[in-house]
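Take a look at the structure set out below.
The values are calculated or read from the model by the stated rules, or taken from the named source; none is laboratory data. Quantities reported herein were computed from a predicted structural model and do not represent experimental measurements. All Cβ positions, glycine included, derive from the backbone under ideal geometry; neighbour counts span all protein chains shown.
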Amino acid sequence: MSISKKKPDTYYESIIKNGFSRRDFMKFTAFMAAYLGYETSAIGQISEALKTTPRLPIIWEHYQECTCCSESFIRTDHPIVADIILDKVSLDYTLTLMAASGHQAEAAKKATMEKYKGEYILCVEGSVPMGEDGIYCCVAGKTALQQLQEAAAGAKAIIAWGSCASSGCVQSAKPNPTNATPIHKIITDKPIIRVPGCPPIGEVMAGVIVHVIAFGKLPELDRQGRPKAFYAKRVHDSCYRRPYFDAGLFVEEFDDEAAKKGHCLYKVGCKGPVTYNSCGSIKWNNGVSYPIQSGHGCFGCSEDNFWDNGPIYERLTNVPGFGIEANADKVGMVAAGVVAGAAAGHAIASTMSKRKEHKERVDSGKDVEKQVD
Amino acid sequence: MTTISHEYKRVFVWEVPVRIFHWVNFLALFALIATGILIGNPPALMSGAEATNQYWFGINRFIHFAAGYIFTLNLVYRVFWSFMGNKYANWKVFFPFSKKRRKNMGHVLKSDILLQNPKNSDFSNISVGHNAVASFSYLVFFILVLAQIATGFALYADNATWWFPKLFAWVVPLFGGDALVRLVHHILMWFVIIFSIVHVYLVFYHDWLEGRGEVSSMFGGFKFVRKERVDTKKDLND
């Protein structure tokens with residue numbers, strides 16, 4: 001356990017000890033600077049920081065989640081990314097990957113929390129069930145809520161990994177039986193970085209951590225607490241199929257000619273136009289592909305409440321309160337039809353009710369007509 | 001000779017800026033709704049064509065955004081004019097706060113919406129500019145389109161470089177995401193359509209029944225009002 005060491009290694013030292021060359025290290029820093037959207041001068045800054053900064057103590061908590069965030073993380077496309085964070089960042093506590101277990105593991109966490117009070121980064125994967133006093137998720141005899149509050153108390157900052165921790169994801173979809181709650185609704189007195197996605201892109205996760213390490217502060221966040229470097233653009237706006245959208249060439253069904261030609265998936269429910277993420281530029285699995293490139297519309301997994309945002313394979317969202325099949329256009333057309341019908345009814349009724357008044361005016365008009373010539 | 005003498009006086013009601021506003025507003029709304037429906041559900045017009053030679057959906061969206069700007073600036077211009085124009089264009093017209101306006105509202109609801117025939121006709125009930133129900137409906141319409149402007153520019157803000165659309169960037173976090181903002185924008189469009197149906201119908205209704213130039217007033221600016229009404233000197237807006 002790294003916490004037992006007197007002076008922890010810097011990132012650079014641990015990378016070199018791990019058998020990587022300095023060249024690999026420089027490639028990695030260049031790589032990260034590019035992802036974070038910095039200019040080339042930042043490469044030196046990042047590499048300098050990684051050479052001099054002692055490894056950052058990290059506690060990585062797992063609550064209501066599927067571990068897909070961790071899975072995504074260890075598949076980042078540069079080996080050092082995984083190594084630096086998982087082997088070499090002093091990841092002092094993570095249920096899935098640490099060697100220790102049981103009381104030993106809990107003791108390690110407690111020791112880190114005490115030794116690095118106010119310094120460690122708390123990474124949270126998963127939402128916290130608030131229903132029934134939180135008994136739906138217990139770790140080491142404590143509820144997730146208790147665990148979170150204890151760990152958050154001494155944390156420098158919190159990273160909410162994935163949609164579970166940043167918006168609740170599938171377990172908070174209606175009717176949310178366990179009252180699954182994202183982290184920022186529970187902890188309000190700590191800086192929180194939300195890194196949504198189901199899972200988030202591995203490079204995005206690495207980029208966030210490298211930023212914290214290299215610059216000693218949180219990356220610039222948008223209004224919703226997400227790092228701007230990765231969540232400032234819609235998937236739609238960086239999509240390689242965008243020219244088909246602008247040309248008005250759309251897939252109508254998944255097996256039609258347009259689908260084979262790779263046209264825009266807008267009409268089969270792609271959520272790219274309403275989803276903020278870097279999938280279009282960074283892509284997945286070493287930049288191999290991403291959902292749209294594989295012929296499936298974007299799911300919108302990094303958006304809040306994406307499970308409740310209507311049907312996956314339809315363009316129009318369902319209108320709440322109007323049944324399953326009622327979309328905005330159907331409801332609107334019926335409403336407009338009813339109003340037009342009411343106007344027609346009013347017109348007919350007025351010819352009867354206002355008969356006298358109207359006739360009077362017509363008659364007086366006819367009288368005047370007679371006077372003319 | 002007729003037994004009833006209907007003497008009318010010609011009143012200048014809608015000034016040129018009001019009429020310009022009205023027709024720019026109509027054209028912008030027409031463009032916004034037409035292009036908006038296409039954006040919401042694009043038809044498969046060009047499915048056989050090559051993308052290289054096509055840009056119709058991009059142009060469609062451009063028209064939507066341009067019309068949105070025109071619509072917004074036009075509305076700003078109308079708000080400005082509500083402080084500069086005549087009493088029929090004044091901002092006070094749109095708020096049913098005075099007793100006279102509420103009385104007129106009751107009258108219009110009873111006589112024109114529920115089609116009752118009041119026994120004693122009161123000349124002060126004849127409205128010269130907007131009647132109280134109509135002007136209130138424009139206040140509701142104003143709030144409705146403010147919401148459209150806010151949600152529309154909020155969706156547009158992320159790709160914009162100008163500060164104006166970015167003023168509305170806070171709307172997206174308020175709703176939690178683009179998806180809901182988009183849905184609200186879409187649903188409110190139908191309210192605008194419904195407003196337009198009712199508005200056009202009631203203009204025709206008043207023109208048919210009263211014969212005072214309701215329809216043509218938005219072209220020429222004049223309405224015709226009974227002499228007795230002018231003599232009562234009890235205007236809604238006084």
*Exactly one condition in (1) in contact with a Gly (Cβ under 9 Å, 6 or more places away or on another chain); (2) modelled with pLDDT under 90; (3) of a type in the set (S, T, Y) is not met by A:T188; state its number.*
(1)
*Would you check which residues across the range A:223-261 are at the interface with chain B (Cβ under 7 Å from one of its Cβ atoms) and touching a Pro at 6+ places or on another chain (Cβ under 9 Å) and list them?*
A:R223, A:Q224, A:R234, A:D237, A:F245, A:G248, A:L249, A:F250
_Looking at the range B:103-122, I want the residues that are without any contact (Cβ under 8 Å) to a residue 60 or more places away in the chain and have a partner that is charged (D, E, K, R) with Cβ atoms under 6 Å, at least 6 apart or on another chain. Which pairs are those?_
B:Q116/B:K110
*Flag for B:K87 being of a type in the set (D, E, K, R), at pLDDT below 85 and either surrounded by fewer than 19 Cβ atoms within 10 Å (Cβ to Cβ) or not in a loop (DSSP other than H, G, I, E, B) (or both)*: no
*Out of A:C264, A:C298, which single residue is farther than 20 Å from A:S167 by Cβ, within 12 Å of chain B (Cβ to nearest Cβ) and not aliphatic (A, V, I, L, M)?*
A:C264
*Any idea which residue in the range B:195-228 is nearest to the other protein chains (Cβ to nearest Cβ), counting only those that are farther than 15 Å from A:A343 by Cβ and of a type in the set (D, E, K, R)?*
B:E210
*Among what's in the range A:44-63 and is over 27 Å from the mean Cα position of the chain (by Cα) and among the hydrophobic types (A, V, I, L, M, F, W, C), pick the residue that is farthest from A:G202 (Cα to Cα).*
A:A49
_Looking at the range A:267-279, can you tell me whether even one residue there is under 22 Å from A:N305 (Cα atoms) and aromatic (F, W, Y)?_
yes
*Can you tell me which residue in the range B:138-194 is farthest from A:S302 (Cα to Cα), limited to those that are buried (at least 18 other Cβ atoms within 10 Å of the Cβ), more than 12 Å from chain A (Cβ to nearest Cβ) and not hydrophobic (A, V, I, L, M, F, W, C)?*
B:Q148
_Tally, over the range A:220-257, of residues that are surrounded by 17 or more Cβ atoms within 10 Å (Cβ to Cβ), part of a loop (DSSP other than H, G, I, E, B) and over 22 Å from the mean Cα position of the chain (by Cα)_ = 4
*Index of the failed condition, A:L56 passing every other in (1) part of a helix (DSSP H, G or I); (2) at pLDDT below 80*: (1)
*If you check B:N74, B:N60, which single one turns out to be modelled with pLDDT of 90 or more, within 23 Å of B:L183 (Cα to Cα) and surrounded by 14 or more Cβ atoms within 10 Å (Cβ to Cβ)?*
B:N60
*If you go through the range B:122-137 one residue at a time, do you hit one that is facing another protein chain (nearest Cβ under 10 Å) and either among the hydrophobic types (A, V, I, L, M, F, W, C) or under 28 Å from B:E15 (Cβ atoms) (or both)?*
no
_When the residues of the range B:91-121 are narrowed to those that are crowded, with 16+ Cβ neighbours inside 10 Å and within 15 Å of the chain's Cα centre (by Cα), which ends up nearest to the other protein chains (Cβ to nearest Cβ)?_
B:F94
*State the number of residues belonging to the range A:346-373 that are more than 16 Å from B:P118 (Cβ to Cβ) and either facing another protein chain (nearest Cβ under 7 Å) or part of a helix (DSSP H, G or I) (or both).*
18
*asked:* Looking at A:Y313, A:Y276, A:Y266 in this structure, which one is of a type in the set (F, W, Y), touching a residue at least 24 places away in the same chain (Cβ under 8 Å), under 30 Å from B:G48 (Cβ atoms) and crowded, with 21+ Cβ neighbours inside 10 Å?
replied: A:Y266
